[in-house]
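Below is one structure, written out as structure tokens; the observations come after it.
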Amino acid sequence: MDMMVRQSNRRVACERWKDLVGPRIKKIIDKIGQRATEYRAHRAGEFIFQITGCGEHGSKHAVDLGLHTCTCKRWQLSGIPCVHAVCALRFKKQEVALYCHDYLMPSTYMEAYNPIIYPIAGQEDWEPVDYPIAPPLFKQQPGRPKMKRVKEPGERNQTTAPPAPKEGKLPKTGIKMSCRVCGQQGHNKLGCPITKAAKAAATVSP
């Protein structure tokens, strides 16, 4: 809706323009015209002028009104006659706005905002549609397929889970073993000192 209103307001504003260009460009031209009195125009041809600044060390620029060019390059870059071009146009008593680029003219402005964005009805006025929405078609991506899923950010910092038990047996991860002979922790029956002593004694005896 904002774009629709914006387009309409721009068309209405353009119809109220009284000058050959928009009001913003008109202010720029008037500001440049105030500085044009600091230069002097010297005719070299019907459309070619040399513009010299006032003073002993004044700048010199060549202006071609036919090609819309100036050696300072400001006219070519902005599309608005520079101060040197304005000085030459005043010498020829020409309207400065006529030498602006075409994209600054009201006709071009209206072409840009002429398309109408039509309003749309509210959701309560929409016509019901009775057909299922199918999922997008599957497309096989190039390369080797991934075998593991992409983990969430919170899962990446977690430690790996213990392996799954085999045939119903629980894993012994984190469990301290206890000896059946002496009852102490840290070893089993095979590593018990009592069992080792008994085996050693049986080996030594005849």
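For segment 2-113, with only Lys/Arg (+1) and Asp/Glu (-1) charged at the beta-carbon, what is the dipole magnitude about the Cα centre, in debye rounded to 20?
Dipole size: approximately 260 debye.
I'd like to know which of Leu137, Ser107, Cys182 lies farthest towards the positive end of the charge dipole of the chain, counting +1 on Cβ of Lys and Arg and -1 on Cβ of Asp and Glu.
Cys182
Report relative contact order for the chain in percent, whole number only (criteria: Cα-Cα under 8 Å, sequence separation at least 6). Walk me through the numbers on the way to the answer.
Numbers: 186 pairs, mean separation 31.7, N = 206.
Taking the mean separation of contacting Cα pairs over the length of the chain, I get 15 percent.
Assign unit charges at the C-beta atoms only (+1 for Lys and Arg, -1 for Asp and Glu), then state the dipole size of the chain relative to its Cα centre in Debye, rounded to the nearest 20.
The calculated dipole for the chain is roughly 1960 debye.
Where the Cα atoms of the chain are projected onto their three principal axes, how long is each span, largest first, in whole Å?
Its Cα atoms span 137, 67, 32 Å along the three principal axes.
May I ask you to sort Met1, Met105 by Cβ crowding, counting other Cβ atoms within 10 Å and putting the fewest first?
Lowest to highest Cβ neighbour count: Met1, Met105.
Output the relative contact order of segment 2-113, whole-number percent, from Cα pairs under 8 angstrom with separation of 6+ residues.
Relative contact order of segment 2-113: 27 percent.
Subtracting the Cα-Cα distance from 0.36 nm times the residue separation, let me have the gained length for Gln123 to Met3 in nm, one decimal.
41.3 nm
Which one of Met147, His42, Trp126 has its Cα pushed farthest toward the positive end of the charge dipole of the chain, where Lys and Arg give +1 and Asp and Glu give -1 at the Cβ?
Positive-most Cα among the choices belongs to Met147.
Please report Rg (one decimal) and Dmax (integer) in Å for the Cα set of segment 2-113.
My reading of the Cα-based Rg and Dmax gives 16.3, 57 Å.
Can you tell me the order of 10-16, 94-100 when each peptide is scored by its average per-residue count of other Cβ atoms within 10 angstrom, highest first?
On the way: 10-16: 12.3, 94-100: 16.4.
Ranking the peptides 10-16, 94-100 by packing returns 94-100, 10-16.
With θ set to phi - 60°, apply the Karplus curve 6.51 cos²θ - 1.76 cosθ + 1.60 along segment 177-187 and write out the HN-Hα couplings as whole Hz, x wherever there is a Gly or Pro.
My calculation for segment 177-187 gives 6, 10, 7, 6, 7, 9, x, 7, 9, x, 7 Hz in order.
Rule-based calculations on the coordinates, nothing more; no lab input. What you see is a predicted model, and the numbers here were worked out from it, not measured in a lab. All Cβ positions, glycine included, derive from the backbone under ideal geometry; neighbour counts span all protein chains shown.
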